[in-house]
Each structure stands twice: as structure tokens, then as C-alpha cells.
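One structure is given below, encoded as C-alpha cells.
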Amino acid sequence: MTRFAHSVSALRSSEIRDLMSLATAPDIISFAGGMPGNELFPLETVDKIYNSLTDKEKQVAMQYGPTSGLPSLLESLSGYLEKKGLPVKKNRLMLTTGSLQAIHILAKAFIDAGDNILVETPSFIGALSAFRSYEANMITVPLNGDGMDISQLKMRLETVQQKPKFLYYAPNFHNPAGIIYSMDVKRQMIELLRNQDIPVIEDDVYSDLYFYEEDIPKMQLLKAMDPERIDVCFTGSFSKILGPGLRLGWMLVPEHIYMKAELIKQSIDACSPSISQVIADKFIRGGYLETYTADVREEYKKRGLAMIEALEKHLPAYTSFEKPRGGFYTWIKLPEGTDSAVILRKAIEKGVVFVTGKTFDPDGVKNDYMRVSFCNTDVETINKGIPIMAEAIREVCG
Ligand SMILES: Cc1ncc(COP(=O)(O)O)c(C=O)c1O
């Protein structure tokens, strides 16, 4: 028997991954992925940027760089983050290999095996896997339409024996729940966490993809609120606003946390891809980030609204969902106790895939939800696929 480390023995191929392997038909309609549509990438701009590089810049792009990131990108990215109201100068910024690496590094910095941490339920699967790999004990706080259920958070904090090492949450266009945290919930989180010595990991990769400008004030980040006596570790990414293939994210964290994080990153990959950093830097400096984000925002809004309309038309009345106001996802509630894996199996037979609820449950149990994404399918495909998915639901739930 191969003797794997204890920390990875809990990592197994999930049932969902096995089910997904059935979804091989070439014309299958996928509402499963959380990635931008291939057809939306700014290929011409990236070509233009690369072709305009001098030989010296190309050499930098091919070389190792500083662990924290290339100085020019750190500067241009700081400008972008400052526009979001983030206190860049009071903190330290580090480029990471996707924001998932930022989450991993922070998890490594804080978690000893068996430590308690606070997470939302449902939660982003990538973060859950990172926390599992460090053998965290996840204490869950349920979400409602406004964010974390504050009374539950309060209760957890009052009753937990060993103080949680941190709280992880995603404020805007939540993956998978699709919600935006209200300002009121964020203020109450601050009240509860002040002076508790429980850092917050704030994961924000979707906030530029809003459908309605009126939501911008409400999407203010905890990091931007700059609460006293709470260490907020902010993580973000180019994945949804340029391309996940660059594998480029970042963390903005207090100095003392940065010092550890930099050492950890050094031991993992020394630095994030320089070639990606050179392109991202020119993308920001050329003013393309704003124009490109505005373009994709419109397209995702079209898709999101088409998804809402199709779901309202075709879903059975016993299901419900919060209408997304941005991001990539809708989160559909099925009748209590439904096993969405059974629906997925039927849907795959009919040519449609989505992701089952329990994938996002930190305890890996609750399965009466499904995540249906609208980011990677055009309006026509949404209109074709949703009636099929609704039929699969009816065949299972009646
Ligand atoms: C909530 C959330 N955080 C972080 C990530 C990780 O993104 P990346 O590692 O590509 O930056 C994702 C990707 O889907 C996500 O949905």
C-alpha cells in the first residue's frame, strides 16, 4: 500500500467528479463550469500587447521574478485596488498563482491539523478543498439572502471551545449562492469579530461583474471598510476579468501576515508566472481592463437575465432561487431532502450538466440544491438547456 500523508488521505475523487465523467457527449450543454466563455477572451488585445513588447520586456517575461510580484504590476494593480477603496498603502500586496493560491497560502499560514475555522455553508469548493488539505475542522455558518446568518455566527463564536483560526467568506456574487452581502451584515460581522483575534479571509473575484450600477455602494468590501482591530486578508484575481489561464491572483494583507505569506509562497513556487504578469500589467496600463470588464459585464448580464427568465418559465413551482444580480451563478433550492445527484444523472442522459449542492457543503452532505452557471453558455444555449434541466427535475421530484 502506498503510504500517503495523513493530510491528503481525506482528499478523494468526489461522486460528482465521477458523474461528470459520464458527461462526455460532444454537444452536452454545460451549466457546470465557473469559467468565462472561451469566446469572450480579449485575444486581439493580448496579441497586440505581446507583439508590442520590447526584447528587454520579453526577457523579463521569460525570467523568474520577485516572490511578491513584478514591481510594475504591483504598482498598476495598486491603482486598480485603490479605486475600489482598498487601503493599499496600509497593507502589503502580493501576486499569487491564481487567488486559489492566495487562499492556500493563508490556510497554510493559519491552520494546524484539527484547528477550527469558520466558513459559510454553502462555500466555494476550491477554498474548502484547500482547508481540508490542512485538516481544518470547519465550523459552518449558514447563508441567507443577505449573507451570513448573524445570529448563527454569534452563537458559534459564543459556544465554540477552541477559538477559530480565521473566518473565510465571499461577499459579492457568491459562488455558489449568487448573493451579495448587505452592508448591515458586514457591519454586524465587524462588531462580532472586533478584538477577537480572528482574522477574516475576504475572497472577492466577482465584484466587477455586476449587472446594476446601483449595487456598487452595497458591495463595499470589509477590507475597504478598514475595521480596526480585525486583520482582514483580501484575495482577488484576474481570472474572471481577463483570463484564468494567466493563473494570476493577489492578496492584500497586513504587514505581519504578509511576511509569513511571502516565505510560504517562496517555498511553493518562488514566483507567479512573469509572462502573465507582464501581460496583466500592460492590460491595466493600456486602459483595457476597464473597457474589457464593461464589455463582459454586459454579456454576462444578458446571459444572467436570460437564465432568470428561462428558470422562471420552466422550473416547477416547488423550486426557488435568488435572482442573481451579477457574477456567474444561480443556486436553485429543491424540495427538502431531494438528492440532486439523481437529477444530475437524469440531466446528463438528456444532455445537460450542472453541479450538485453537496459539492459546496463543507460537511459534504446537504444535497437539495443545485448550482447552475450562466457564464459559459450563450443565450440561445440557455434557452435550449433550461427546459431539459427542468424536465429532469420533474422526473425526479414529480
Ligand atoms: C469564490 C472564488 N474564489 C476564488 C476562485 C479562484 O480563482 P483563481 O484561482 O482562478 O483566481 C474562484 C474560482 O472559481 C471562486 O469562484
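Only the coordinates and a few stated rules stand behind these numbers; no lab work does. A quick note: this is a predicted structure, and the numbers were derived from the prediction, not measured. Every residue, glycine as well, gets a Cβ built from its backbone with ideal geometry; the counts of neighbours run over all protein chains shown.
Of all DSSP beta bridges located in the stretch 56-288, what percent are antiparallel, nearest 5?
40 percent
Under the rule of -39500 (n - 2.57) per DSSP H run of 4 or more residues, summed and divided by the residues of the chain, what mean residue ellipticity at 222 nm is obtained, to the nearest 500 deg cm²/dmol?
Details: 15 runs with 169 residues, N = 398.
-13000 deg cm²/dmol, from helical runs alone.
Let me check I've understood the local charge: for E82, count other residues with C-beta under 13 angstrom from its C-beta, Lys and Arg +1, Asp and Glu -1. What total comes out?
Spelling it out: positives minus negatives among the neighbours equals +3.
Considering the Cα trace of the stretch 56-288, what is its radius of gyration and what is Dmax, both in angstroms?
Using the Cα atoms of the stretch 56-288, the pair Rg, Dmax is 17.3, 58 Å.
What is the distance in Å between the Cα centroid of the stretch 307-337 and that of the stretch 215-253?
What the calculation gives is 27 Å, centre to centre.
When DSSP assigns beta bridges and you keep just the ones with both residues in the chain, what percent turn out antiparallel, to the nearest 5?
On the way: 21 of 38 bridges.
Just about 55 percent of them are antiparallel.
With 10 Å bins from zero, work out the P(r) of the chain over every alpha carbon pair and list the percent per bin.
Bins of 10 Å from zero give 5, 22, 31, 27, 13, 2, 0 percent of pairs.
Against the 2.2 N^0.38 Å scaling, with N counting residues, where does the stretch 107-243 land? I'd like the Cα-based Rg ratio to two decimal places. Provide the component values of the computation, followed by the final result.
Values: Rg = 14.4 Å, N = 137, 2.2 N^0.38 = 14.3 Å.
Scaled against compact globular proteins, the figure is 1.01.
Within 15 Å, Cβ to Cβ, of I139, how many net charges do the neighbouring residues add up to if Lys/Arg are +1 and Asp/Glu are -1?
After counting each charged neighbour, the total is -2.
As a quick test, which of the pairs K218/K240; K108/K358; K218/K302; K48/K265 have an alpha carbon distance above 28 angstrom in this structure?
As for pairs spanning more than 28 Å Cα to Cα, those are K48/K265.
How large is the dipole of the chain about the Cα centre if only Lys and Arg carry +1 and Asp and Glu carry -1, each at its Cβ, rounded to the nearest 20 debye? All intermediate terms of the calculation are to be shown ahead of the outcome.
Details: 45 positive and 51 negative charges, 111 e Å.
Once rounded to the nearest 20, the dipole reads 540 debye.
Normalized C-alpha radius of gyration of the stretch 146-225, against 2.2 N^0.38 Å? Could the numbers behind the result be given before it?
Values: Rg = 13.1 Å, N = 80, 2.2 N^0.38 = 11.6 Å.
Expressed relative to 2.2 N^0.38 Å, the Cα Rg reads 1.13.
Amide H neighbours of N116 under 5 Å, at least 5 residues apart or on other chains, H built in the peptide plane: list them.
N137, K165
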